[in-house]
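Report on one structure; see the data block that follows.
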Amino acid sequence: MKNVLHIDTVGDYLNLRKQEVLHPLVGIVDFEDVNKEGYENKDYDAFHYNCYAIFLKDAKGCKMRYGGKPYDYDEGTLVFMAPDQTIELSGFAPDYVPKGYAMLFHPDLLSGTELGKKMHTYGFFSYSSNEALHLSAKERKTILSLVEKIQFELEQNLDKHSKKLIVANIELLLDYCTRFYDRQFLTRELENQGSLEKFNNLLNAYFKSD
């Protein structure tokens with residue numbers, strides 16, 4: 001790993017993408033609003049994040065390594081990173097243009113909140129997780145509706161309700177992601193069981209045949 005860009009604050013990432021910083025501790029990027037200058041990362045082999053980051057990928061043409069391992073990072077997936085973690089991006093297609101959304105929030109945003117106390121329960125932020133969340137169309141709408149609510153709050157004048165509402169929507173988003181991950185693993189488990197049953201039936205049929 002040669003050149004690592006350290007993203008220490010939400011502002012660091014927003015400045016990288018040439019986006020306005022509306023709040024020092026939380027920010028959202030819609031890559032439809034990012035021009036070419038804001039997404040070229042040719043000088044960096046990896047990104048080290050010191051804040052929480054969630055990415056919704058809507059484009060093909062990029063591979064990712066996370067925790068030193070290949071990461072399932074297909075089109076239409078959600079990827080989660082916790083502070084003090086590094087990702088390596090490679091395998092860019094010649095015409096690759098990022099599409100989707102990024103949401104970053106600093107741990108300080110969660111200070112004194114119930115969400116701060118339970119962040120460790122969201123296992124999908126861990127290096128041990130190497131599987132992105134594959135969203136259905138309905139699940140995607142749910143996630144984007146919460147992203148829109150957070151963005152709405154960011155565009156308002158900050159008041160005593162801002163932090164509570166922003167954190168509440170982040171918590172709701174993460175709780176939905178927990179549900180969707182459970183669905184994903186259950187679906188895969190059922191698919192694997194079905195494959196095993198078919199294999200056993202084929203074996204039994206073979207043994208009973210001549």
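Here are some notes:
- The number of residues in the range 149-164 being within 19 Å of Tyr101 (Cβ to Cβ) and either surrounded by 12 or more Cβ atoms within 10 Å (Cβ to Cβ) or among the β-branched types (Val, Ile, Thr) (or both) comes to 6.
- Of all residues in the range 108-152, those being assigned to a helix (DSSP H, G or I) and among the polar types (S, T, N, Q) number 4.
- Hey, Ile54 modelled with pLDDT under 90, part of a strand (DSSP E or B), closer than 15 Å to Tyr13 by Cα and among the aliphatic types (A, V, I, L, M) or not: no
- Residues of the range 1-14 that are modelled with pLDDT of 95 or more and polar (S, T, N, Q): Thr9 alone.
- Across the range 163-180, the number of residues qualifying as aromatic (Phe, Trp, Tyr) and at pLDDT below 95 comes to 1.
- Within the range 142-161, tally of residues that are without any contact (Cβ under 8 Å) to a residue 12 or more places away in the chain and either touching an Asp or Glu at 6+ places or on another chain (Cβ under 8 Å) or under 16 Å from Val29 (Cα atoms) (or both): 3
The values are calculated or read from the model by the stated rules, or taken from the named source; none is laboratory data. Predicted model only: the values in this text are computed from it and were never measured. We place every Cβ from the backbone using ideal geometry, glycine too, and count neighbours over all the protein chains shown.
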